[in-house]
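Student: Quick one: this structure, given as structure tokens, is what I'll be asking you about.
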């Protein structure tokens, strides 16, 4: 990726994250992320949820590193990730918010590679 593509993607990701976190309230986001640090959070369900997101990342990262990807699918990843963050604002889960925030960034990076020509 070029510096220009990285810059555009990072700015887009930052703005999207700023908007959705503001909508969900920053104190709620902070409280949400702090749940990761509590023993009570790590139930069997939440461990499985975290592992499923890690598996998702393992599918995408090789595509970013080795260039094996269908870049148009990142539109879906971006929309669904923002949707999952929004849908979780009633019952915050740090796994849902955190990994969908990462998915938004990954999606913006890949889309910028294909849409911002230098």
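Student: Any chance you could count how many residues in segment 18-32 are under 13 Å from residue 95 (Cβ atoms) and either outside any helix (DSSP H, G or I) or out of contact with any helix residue (DSSP H, G or I) (no Cβ under 9 Å at 6 or more places or on another chain) (or both)?
Tutor: Adding up the residues that qualify gives 0.
Student: Is it the case that residue 35 is modelled with pLDDT of 80 or more and assigned to a helix (DSSP H, G or I)?
Tutor: yes
The values are calculated or read from the model by the stated rules, or taken from the named source; none is laboratory data. A quick note: this is a predicted structure, and the numbers were derived from the prediction, not measured. Don't worry about glycine lacking a Cβ; one is built from the backbone with ideal geometry, like all the others, and counts go over all protein chains shown.
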